Every structure is written in C-alpha cells, then in structure tokens.
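Take a look at the structure below.
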Amino acid sequence: MSGDSLRPPVLPSWGGPLTSADYANLGRSWITRDLADQALLRRVASSDGAAIVDRKNNDSYAGIIFPYIWPGETHIREYWLRRDHPDIRVGNDGPPREIAKYLGPPGRGNLLYFVPGTAAEWLTDTTIPVAITEGAKKTLALYRLAGHGLADGIPPRFLAVGLAGVWNFMGSIGKHPGPDGSNRNEKGLIPDIARLVWTDRKVFVVYDSNVHSNSSVAAARRNLSLELAQMSAKVFWVNIPQGAA
C-alpha cells in the first residue's frame, strides 16, 4: 500500500524520539516501529505535555504526542497527547478505570485523525470503504491492517479514520444568536466530516467492546451511524467481542 510521499519538512517541534519501551508497548497494539516513525510520534516530558494541552503541570502529562496532519498536506494541524499515567476513576458500577488518556488543547474544534502518509485521493474514492474507530493508536493498527500484505501502488482495503472520542464526530461549529441576543455555541457534525465523500460508500464503525455495556458509547455509535446514513453511506457495525478491547 502506498500513500502520499508528502511529509512535514521537519519533525514535530515538541519532544524527542520514542524509547525502546515505547516501541515495545506500541508493538503490543500491532503498531510497528516503522509505522510509529511514519506517524511522527514523539515522547514528551510532563512539562511539554502540559504546555501542548494547555494544562498546569502536575507531573502527569508525560507521554506520546500524535500529530494531526490532513492527507495531502504537510503542516501539523494539532497535537494530541496520550498520557503515560491517566487519571483513575473509581465508581460503584465496576472496577477502577483510566480516564482522559488522550488530551488535546481545550477550546479547539474536534478533528479527524489520519495516519501521515494517507493519500488525499482516498478520501473521495468511494470504492475504498471507510473504517472509523476511536483513538489514534487504534487508527494506526487499522491503517496497518488495511495495507497488510499489499504491494506498493495498491489502494488499501479500507481508509482508516480516527475520532479522539466516541462523540467527537460532533462539536461546536459556530455561534448562533439566542432569543436574548447572546451568542450560543452551535453544535453539529465537525467540518472534517464533509471533506470526505460518503455517498454509496461502505462505512464500518469499529468501537470498543464496551459499546455493549456503556449506554453512552452505544448511543454515540447509533448517532454517528444515523448521520452517515443521512449522507447516503452504507453503514455497518463491527462488534468486537467483550474482553477483546
């Protein structure tokens, strides 16, 4: 599989090379060293991580940053941080779980994540199905699967597209005057969605197995599917067995 040869002229301005432990951890998510380098992943200390996501540094923002680059372009639109030590939430309805694993700068619009090297023409080629998932790491693994074993020049089996969160296909898209004259945030599909062609295109929604147990995740999948169907996409759900993700 081959994509655009375009790359940013320099590495991201933040952070340094990944460590051997980073590559090993990514490998357990089916992300090879070459793919991690292609995606321009970088390790940042807590001070830099906090600055990237505009938080006060409390020594919990060390991790890996994922540059967001639109297919066919060379500039970095945004960074998202995957923290080494996310916060832990303890509830009454299950075991402790990590929260806010991925963070972006507050107040910014939601963006789609594409692996650097994704060809711009794949966005409009409706013969290539789309697979939408949550999280940059899963997007990288799907990107690898889409081209696994294919020769250079062969289009991928599907286009891997990432959401930062299950509801992040929605966001503030502008301001709308309220009845009292104040400006209020207008919510809707994020602009990136409209930059792909969906008509008569197969779309596979690949959410985690907690879609079966978490009502918010299930509602997000239903709403995303309805939005895509209204754009004449042919939507399918990929149900991952519980405990597998």
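The values are calculated or read from the model by the stated rules, or taken from the named source; none is laboratory data. Just so you know, these numbers come straight off a predicted model, no measurement behind them. Because the Cβ atoms are built from the backbone with ideal geometry, glycine has one as well, and the counts that use them run over all protein chains shown.
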Exactly one of these conditions fails for residue 223: (1) more than 25 Å from residue 107 (Cβ to Cβ); (2) at pLDDT 95 or above; (3) among the polar types (S, T, N, Q). Give me its number. (1)
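Would you call residue 235 within 17 Å of residue 126 (Cβ to Cβ) and at pLDDT 95 or above? Full working, then the answer.
On the way: within 17 Å of residue 126 (Cβ to Cβ): yes; at pLDDT 95 or above: yes.
So residue 235 fits the description; yes.
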For the stretch 174-185, indicate whether the set of residues that are at pLDDT 95 or above and either in contact with a Lys or Arg (Cβ under 8 Å, 6 or more places away or on another chain) or of a type in the set (A, V, I, L, M) (or both) is non-empty. no
Which numbered condition in (1) surrounded by fewer than 16 Cβ atoms within 10 Å (Cβ to Cβ); (2) in a loop (DSSP other than H, G, I, E, B) is the only one that residue 185 fails? (2)
Return only the number of the condition from (1) over 28 Å from residue 27 (Cα atoms); (2) charged (D, E, K, R); (3) surrounded by fewer than 19 Cβ atoms within 10 Å (Cβ to Cβ) that residue 192 does not satisfy. (3)
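Of all residues being closer than 26 Å to residue 214 by Cα and in contact with a Gly (Cβ under 9 Å, 6 or more places away or on another chain) in the stretch 144-167, which is surrounded by the fewest Cβ atoms within 10 Å (Cβ to Cβ)? Just the residue, please. Show your work before the answer.
Of the stretch 144-167, the ones closer than 26 Å to residue 214 by Cα are 160-167.
Now narrow it down to the ones that are in contact with a Gly (Cβ under 9 Å, 6 or more places away or on another chain): 162-165.
Details: 162: 25, 163: 26, 164: 21, 165: 14.
It comes out as 165.
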Identify, by number, the condition in (1) more than 25 Å from residue 35 (Cβ to Cβ); (2) part of a loop (DSSP other than H, G, I, E, B); (3) at pLDDT below 95 that residue 165 doesn't meet. (1)
Taking the criterion of being over 30 Å from residue 55 (Cα atoms) and part of a loop (DSSP other than H, G, I, E, B), would at least one residue in the stretch 128-137 satisfy it? yes
Residues that are in a helix (DSSP H, G or I), closer than 26 Å to residue 47 by Cβ and free of Cβ contacts under 8 Å to residues at least 60 places away in the same chain, drawn from the stretch 11-34: 20, 21, 22, 23, 24, 25
Positions within the stretch 78-90 being charged (D, E, K, R) and either within 19 Å of residue 23 (Cα to Cα) or loosely packed, with under 13 Cβ neighbours inside 10 Å (or both), in sequence order: 82, 83, 84, 87, 89
If we scan the stretch 206-220, do we find a residue that is free of Cβ contacts under 8 Å to residues at least 40 places away in the same chain and of a type in the set (Phe, Trp, Tyr)? no
